[in-house]
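Read the figures in this text as sums done on the coordinates, not as results from a lab. From a predicted model like this one, the values you see are computed outputs, not experimental measurements. Every residue, glycine as well, gets a Cβ built from its backbone with ideal geometry; the counts of neighbours run over all protein chains shown.
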């Protein structure tokens, strides 16, 4: 069988509106438990059948209780049947009580759903160091179960319930066809600040109805995260609660390339939704590094640029200060060569090899007035490439973060 | 002979006002060359005799022309007789022309002072990617030579001439007595933004009249930089032009502990002057990490905390969000233990082991209203310690950096 061409593949992918609610066998809900004042703050995802689960979680030395409890549950090897997620409280740095509260939440959901506690994952996001108001969570969990549903409305509620400083809920889903059967991959996510190129302060829950072998599922999730969630940056910080979970019916075969491609689309949609919703952001910055010696070099340079406070403030001010981009690239210390690079800005040659400006300051300034800025940095060293996404650093970022409550 | 006690040592140290101008055998000047509009922008430091020189320079892959030319001159092993420094232009990413301009500046100074070009170092700071206006530098250099002088006024002029966004010139000097003779160590520095714990966007020129063997000089400078300039942070960025040079008459003996102590005081004065002059800063944050397994762990944690955008914005908002401090400590990924840490705030116990708050939110908020905040994080793991200094991240930081010219 010949591999399908790119256009043939694209034709077989259909965008859906319902996020994780578009995936058959998945029901979700989101309610107001009272952890936050007036907003939804408790989400439940339930799977009709036992799911294989792949996970990528924070590498912070400080891991919130729900992270460690969920890891323990996954380590039992039992198929996952549900995930409970609250916002408004991170349940991090909460000592033994935090651990007990996370276990109690899983146990209660398990009892309500008639599954084993180890088949339930938990996730939390919000303020660190404050105990989880367990009584409120417990009262609300019953309502969560009652309201479980498929489709857009329920997924929207769940996506809202996991938001912290997010302004909009984040959903993505696609259908695709494989051997004449229709499958879906969908997800919801939250994240708008404290996002760094190491998977920080974000949650994403992805599901598919395509059966996948467990090892393949982990490999595919790790690859998708590397190119999407790990390549976005808001402020370079890293949280105690970050997690991406991907659920699939247990299968025995490796999925086709099309599966990988659709998974990448869902992950990128959600990652870019975070960038666009970044705290105080007024612009999206896409940094394409090309001409690198290898992929690691390309990634390191692209991430250094989107992470630089000086690049981000210049972008906010629409200041065509390309020196800051080059200085940030050099600061990555991965063999950036001062003599071989060139820059383009939104497709126009900006600076040629050796630092010769091809655009006037006025022209460059005009291009920087756009909402979406694409900078391509050719390292002039090889053929590898990588893309990172970030945003500007505005006065509003400071305002939002100078006093953050639930 | 018994080693002197700490109080005996302190008694033999006298603070001086003249910075590098307090050091005998050193003459300095600072003039307006016209690189910047109305401010002094060209400094000259001249040594009566040939000097040994120790250097710590930027590790950015992109190194400005004056950095590479000065390294070349130092590598000849000839004693240094002068240093020329301009502000308003970094002479970085300026290709072959930048290299020629840096060499021409050194050569002209050498001719005016009747020394070899290799005995002159050059330094630049300012905007990247703009050629040095060599004609203006050359016209002004003669005036620099005419105005060379000892003392406070001349050192103040020179310290002003190397400023970029600095609001105040930075000088420090101390006299000390050794075997009944009086010696001095003094310096000037610039730096107020783009400062990171890896020696970024700062220049410091230090001199002493105490003769020191070359190898000892480098060892002592490296140690002093590690505890001072490398432990301050404004925004985590790193520049192409950073350099710290320490000049001393060539000696044959290792200096006494008192020398090391005074050198540390000069370096710390200048480093803290940068923190206090940080772009938009309203507060100084001192982070003392104690109870670490080793010094590397203590340093990494202290630096991670002062570098965190979320810690910095919370500080600006006087928001007692200790979770962000702990999350930043964990994000350093050097074995922070979630169960053993405790925090004090300006000397008061803030959070006890396991995350139990000892101060009410209102009390902690009141303590955060001070101008100087000292947070001590006890890792509870060992006996090593380190201190880092930073500042808050304010709306003014964004305003200043959104549109930065010379």
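Counting only DSSP H runs of at least 4 residues, each contributing -39500 (n - 2.57), and dividing by the residue count of the protein assembly as shown, the helix-based mean residue ellipticity at 222 nm comes to -10500 deg cm²/dmol. For the stretch B:284-402, what does the alpha-carbon gyration tensor say about shape, rounded, prolate or oblate, given a ≥ b ≥ c as the root eigenvalues, a/c under 1.5 as rounded, and a/b over b/c as prolate? Since a/c reaches 1.5 but b/c is at least a/b, the shape of the stretch B:284-402 is classed as oblate. Where both bridge residues fall in chain A, DSSP classifies roughly 75% of the beta bridges as antiparallel. Hey, what did the stretch B:284-402 get for relative contact order, percent, Cα under 8 Å, at least 6 apart? In percent, rounded to a whole number, it is 47.
Using a Förster radius of 25 Å, what is the FRET efficiency between residue A:215 and residue A:49 based on their Cβ-Cβ separation? Nearest 0.05, please. For R0 = 25 Å, the calculated efficiency reads 0.80. Among chain A residues, the beta-carbon with the smallest distance to the axis carrying A onto B is reported, with distance in whole Å, as A:395, 2.
Helix A:257-276 and the long axis of chain A differ in direction by around 80°, with both axes built from C-alpha atoms. With a simple spin-label model that places each label point 7 Å from the Cα along the Cα-to-Cβ direction, the separation between residue B:348 and residue B:14 comes to 4.2 nm.
The long axis of helix A:322-331 is offset from the longest Cα principal axis of chain A by roughly 60 degrees.
With the Kirkwood sum run over all distinct C-alpha pairs, chain B has a hydrodynamic radius of 21.9 Å.
Short-range pairs are left out: with C-alpha atoms under 8 Å and at least six residues apart, the relative contact order of chain B is 18 percent.
Here the scattering of the stretch B:222-344 is modelled by Debye summation over its C-alpha atoms, one equal scatterer each and no solvent; at q = 0.09, 0.13, 0.18, 0.20 Å⁻¹ the log10 of I(q)/I(0) is -0.32, -0.63, -1.07, -1.23. Under a 10 Å cutoff between Cα atoms, tell me which one of A:139, A:303, A:38 has the largest fluctuation in the Gaussian network model of chain A. Among A:139, A:303, A:38, the largest GNM mean-square fluctuation belongs to A:38.
Taking the C-alpha atoms only, the angle from helix B:152-161 to the longest principal axis of chain B is near 80 degrees. Structural descriptor for the stretch B:122-216: relative contact order 19 percent, calculated from alpha carbon pairs under 8 angstrom and at least 6 residues apart. A simple spin-label model places pseudo-atoms 7 Å from Cα toward Cβ; at residue B:180 and residue B:296 they are separated by 4.8 nm. For the protein assembly as shown, just say rounded, prolate or oblate: build the C-alpha gyration tensor, square-root its eigenvalues into a ≥ b ≥ c, call rounded for a/c under 1.5, and beyond that prolate if a/b exceeds b/c, oblate if not. Prolate is the answer for the protein assembly as shown, as a/c is 1.5 or above and a/b outweighs b/c.
Taking every DSSP beta bridge that has both ends in the stretch A:284-402, the antiparallel portion is near 70%. With the simple model of a label 7 Å out from the Cα in the direction of the Cβ, residue B:383 to residue A:142 spans 5.9 nm. Looking at the protein assembly as shown, the DSSP beta bridges with both ends there are about 75 percent antiparallel.
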